[in-house]
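The values are calculated or read from the model by the stated rules, or taken from the named source; none is laboratory data. Every value quoted in this text rests on a predicted model; they were computed, and no experiment measured them. Every residue, glycine as well, gets a Cβ built from its backbone with ideal geometry; the counts of neighbours run over all protein chains shown. The accessibility values were calculated without ligands, DNA or RNA, using every heavy atom of the protein model including side chains. Shrake-Rupley method; radii C 1.70, N 1.55, O 1.52, S 1.80 Å.
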Amino acid sequence: MHSFSKLAIIVLLAPLALAAPTKELELAKRQFDTSTHCGQWDSVTAGQYILFLDQWGLSGASSGSDCASITSLSGTTIAWKNPWTWVGGTGVKSFTNVALNSGLNKQLSAISSIPSTWKWSQSNSGTVVADVAYDLFTSSSSGGSAQNEIMIWLANFNAGPISAVFNSDGTPQPKASNINLGGRTWSVLA
């Protein structure tokens, strides 16, 4: 009877012992780097996402900085902050972004939707030049180098559309206008 008691206790405790590493793994999966990063090409991985500090035009500023940090991650929802203080010069200074790092390398014909929700805020004093956009890249082969860029601008703060063709008055010439999609009206520029 005494050996049966030991066996019963071991059998009863075994699921707890087996569950402990799983809990630790789940906790590790939920943890991510929330520190502030300010380096020109810094990146931080959190779950299926990567936060990139892409400061490719910083030499065009007379002063300033761009920093970012991930503030939360829950399932497929990620939030980050990106304070910046660029001064002087012209052109884009930085393009801090979060990239999806899973489910990539699909043919466009295999993608029927990309459900997503955006919430953003922009607070500033003075004139700012910025945009909030989806930035998608396509290739002629799975896993190939980016050949085409598709930008979908959700907000435009004095940035003006990017276009290869402009009208005589300096406004961009769309390839197509007044396209209704997702309850919004869009123009296609190339």
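Quick one: Karplus J couplings for segment 168-180, per residue in order, coefficients 6.51, -1.76, 1.60, θ = phi - 60°, nearest Hz, x for Gly and Pro?
With coefficients 6.51, -1.76 and 1.60, one gets 4, 8, x, 7, x, 9, x, 6, 8, 10, 6, 8, 8 Hz.
If R0 is 41 Å, what FRET efficiency do you get for N178 and S142 from their C-beta distance, rounded to 0.05?
According to the calculation, E is roughly 0.75.
So how do 109-118, 41-50, 172-181 stack up, highest first, on mean other-Cβ count within 10 Å?
The peptides rank, most packed first, as 41-50, 172-181, 109-118.
Count neighbours as other Cβ atoms within 10 Å of each site's Cβ, and list the chymotrypsin sites (Phe, Trp or Tyr not before Pro) in segment 77-113 that are DSSP loop with at most 16 such neighbours.
In loop regions of segment 77-113 (DSSP not H, G, I, E or B), the sparsely surrounded chymotrypsin sites (Phe, Trp or Tyr not before Pro) are F95.
Mind listing the long-range amide H neighbours of D131? Cut-off is under 5 Å, sequence gap 5 or more, other chains count too, H placed in the peptide plane at 1.01 Å from N.
Amide H neighbours of D131: F157.
Using a 1.4 angstrom probe, figure out how much accessible area segment 70-156 has per residue, in square angstrom, rounded to the nearest whole.
So segment 70-156 comes to 73 Å² accessible per residue, rounded to a whole number.
Mind giving me the nanometre distance, one decimal, between the label points for V92 and S168, set 7 Å out from Cα along Cα→Cβ?
The two pseudo-label positions are separated by 3.1 nm.
Under the 0.36 nm per residue contour assumption, what length would be gained going from the current alpha-carbon distance of V132 and W118 to full extension?
4.1 nm
Pop out the carbon and sulfur fraction of the accessible area of segment 42-112 as a percent, whole number, probe 1.4 Å.
Summing carbon and sulfur atoms, their accessible area is 53 percent of the total for segment 42-112.
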